[in-house]
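Laboratory data are not the source of any read-out in this text; all were calculated from the coordinates shown. None of the values given here were measured: they were computed from a predicted structure. FYI the Cβ positions are ideal-geometry reconstructions off the backbone, even for glycines, and counts take in every protein chain you see.
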Amino acid sequence: MLSDSFYLVFVTAIVLSHRVETQVTFDGACPKLDVVGDFDLHRYLGLWYEIESYPAVFSSFASCTTANYSLLPDGNVRVINRSFNTR
């Protein structure tokens, strides 16, 4: 039979492993990226549908995930993310 301390360590390791499952790692510093010169913000605004994502416990039963981008009067962009729980 497992000792109480071993059981506690085992359960803690399992729980903590779910906290890092959605991180994407790479070696070194962040890469230098070029800014898109002809980016048209108004073409980016609107409703977008998710077609792919990294698996995560918090979104295991999510479907029909969308992101709605709208322009605020001060020039900032509002993002509203939604999904439905299929359970």
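Overview of results
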item	result
Ordering of 33-43, 60-70, 74-84 by packing [mean C-beta count within 10 Å, highest first]	60-70, 74-84, 33-43
Hull shadow area, averaged, region 41-87 [alpha-carbon convex hull, nm²]	4.0 nm²
